[in-house]
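Here's the structure we're looking at; comments come further down.
The values are calculated or read from the model by the stated rules, or taken from the named source; none is laboratory data. In this text the structure is predicted, and so the values were computed from the model without any measurement. FYI the Cβ positions are ideal-geometry reconstructions off the backbone, even for glycines, and counts take in every protein chain you see. Side chains are part of the model used for accessible areas, which takes the heavy atoms of the whole protein and leaves out ligands, DNA and RNA. Shrake-Rupley method; radii C 1.70, N 1.55, O 1.52, S 1.80 Å.
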Amino acid sequence: MNPFMQFVKDVSDRLGSGFSSLNQNDPSKEAYIRNLERQLKNKDDLDVPFDELKVVVFDLETTGFYPYKGDEILSIGAVKVEGTNIMEEKTFYSLIYSESGPSKEIEDLTGITGDMLINAEPLRDVLHDFYSFIRSDVLVAHHANHEKQFMNHATWLALRKNFQHRIVDTTFLTRIAHQEKKLVSLDECCKHYGIDIDHRHHALDDARATAKLWVKSIQDIKQMGYTNLRDVYTHLATLE
């Protein structure tokens, strides 16, 4: 094979490894997403008692803070929680393909390297798997605006769908339970509750720590008379 043809083949192989599914629609996956959209439109979890509420607590590791300026999701980690029971056996974790890889600063922070991402699944496939994992459950994250922005952008970019899941921010609960302490970061909140994080800035470990924070916060606000998410949002509206 002449050098030019070899070059074309090498480029095609590299692109194929990362974007193989972007232009190949799987009818069963597309049907699942459409059905999920219908479920979400007809579901309202605001009045579900905390003891019965099913949530998926998740965390994203990203290359930065601005998805609309080119920052990407590097990994997704999640764990299911039913009421105040953390379902340790029901977890999700995936790296996401990137040709460029993270900066040295992000690599040092997360432990995620370019070599790890070059062999990872593409965004479209990871999102399909993640949506299959969470189904129509409420999502929970710490400082959820970060996760919401990236999920909005990634879902439209890869699936051409609007992100429709409700995301509850754990700080909504800590503002009620411990307003005087002004707990902000995940580290501060976990320190207050005595929660250890095995590997900080690892999406699954951060999600597990956030799940423990969610459970402890729910236990606190239940003692204060809050029974569901509607109670929480009603109270927060009075603080604005």
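A few points about this structure:
- Scanning the stretch 217-240 for residues that are surrounded by fewer than 16 Cβ atoms within 10 Å (Cβ to Cβ), hydrophobic (A, V, I, L, M, F, W, C) and closer than 19 Å to VAL138 by Cβ yields LEU236, ALA237.
- Number of residues in the stretch 119-143 that are in contact with a strand residue (DSSP E or B) (Cβ under 6 Å, 6 or more places away or on another chain), assigned to a helix (DSSP H, G or I), more than 21 Å from GLY101 (Cβ to Cβ) and open to solvent by 10 Å² or more (accessible area, probe 1.4 Å) equals 1.
- Pairing each residue of the stretch 142-166 that is within 21 Å of LEU186 (Cβ to Cβ) with any residue that is at pLDDT 95 or above and of a type in the set (Gly, Ala, Ser), provided the two are 6+ apart or on different chains, yields C-beta distances under 6 Å for GLU147/ALA141.
- Contact map, the stretch 200-216: first residue touching a residue at least 24 places away in the same chain (Cβ under 8 Å) and surrounded by fewer than 21 Cβ atoms within 10 Å (Cβ to Cβ), second residue in a helix (DSSP H, G or I) and among the β-branched types (Val, Ile, Thr), Cβ cut-off under 6 Å, separation 6 or more or different chains; pairs are HIS201/THR110.
- ASN152 being assigned to a helix (DSSP H, G or I), touching a Phe, Trp or Tyr at 6+ places or on another chain (Cβ under 6 Å), open to solvent by 20 Å² or more (accessible area, probe 1.4 Å) and modelled with pLDDT of 95 or more: yes
- Residue in the stretch 56-67 that is within 22 Å of ILE96 (Cβ to Cβ), acidic (Asp, Glu), surrounded by 12 or more Cβ atoms within 10 Å (Cβ to Cβ) and modelled with pLDDT under 95 present: no
- Residue that is over 26 Å from LYS69 (Cα atoms) and in contact with a Ser or Thr (Cβ under 7 Å, 6 or more places away or on another chain), where the choices are LEU117, LEU173: LEU173
- Residue match in the stretch 194-217 (condition: in a helix (DSSP H, G or I) and over 21 Å from ILE86 (Cβ atoms)): no
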